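Working notes, beginning with the structure itself.
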Amino acid sequence: MAARTTTKTGKSPMKDATDLLTLLSGVLVGLKKPPTNPSAKHDELRNAFEQSELGERHIAPLIALVIGGPASVGELAERIGLTPATTSLLVGELSRAGFVQRQEDEADRRRTIVSVDESVEKAVRPSLGQTLEPLDRALARMSVAQRRHFMDGLRIVNEEIRGSEA
């Protein structure tokens, strides 16, 4: 079967890909903006992050734990799309800085369960809510079918990008 030279948009797949890259860049910049009304707790958290020499790469595991709750390092790695070794390194650095806690799994002592420190979670949640609001509004503007196609498309893009990292 021959490769398609145009898409439903009437453009070549490469033109759509460059448009997508531009759009995603704007989305990422918007998601990285600091909260509009940061709380004192948020400022404390940001300062603690900087003092502990933690960087942007530590944000994904922290947010994944706040949203999804406690997890093993392997489960957390799967959530954020990193290798278990990289995730373990990030968790170790977050643990040393006091942002997360590691506990032996009572059901299986070979597993370590990682959870966010309660004070950290209280500081992260309001900022997370501010980040989620525009995403929620955007998805609410779509029909159920559009939202399903959009999410399916993003999952495919995510799979291709992760596949190219191997």
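Only the coordinates and a few stated rules stand behind these numbers; no lab work does. Because the structure is a prediction, the values reported are computed rather than measured. Using ideal geometry, Cβ is built from the backbone for each residue, glycine included, and neighbour counts are taken over all protein chains shown.
Note on residue 162 and residue 86: the model spin-label points, each 7 Å out from Cα along the C-beta direction, lie 1.1 nm apart.
Rounded to the nearest 10 degrees, the inclination of helix 59-68 to the longest alpha-carbon principal axis of the chain is 90 degrees. Rounded to the nearest 20 debye, the dipole size of the range 18-166 about its Cα centre is 360 debye, using +1 on the Cβ of Lys and Arg and -1 on the Cβ of Asp and Glu.
Number of Lys-Lys pairs in the chain with C-alpha atoms under 23 Å apart and a separation of 8 or more places or on different chains: 5.
Close amide-amide hydrogen proximity is noted between residue 113 and 103, 104, 105, each under 5 Å apart and 5 or more residues distant or on a separate chain (H modeled in the peptide plane; Pro and chain starts excluded).
When only Cα pairs below 8 angstrom with a gap of at least 6 residues are kept, the range 38-165 shows a relative contact order of 24 percent. The length gained on full extension between residue 56 and residue 132, counted as 0.36 nm times the residue separation minus their Cα-Cα distance, comes to 25.6 nm. Note on the chain: dipole from Cβ charges, positive end direction compared against 163, 103, 114; the farthest Cα belongs to 163. With q set to 0.15 Å⁻¹, the log10 of I(q)/I(0) for the chain, from the Debye formula over equal scatterers at the Cα positions, is -1.00.
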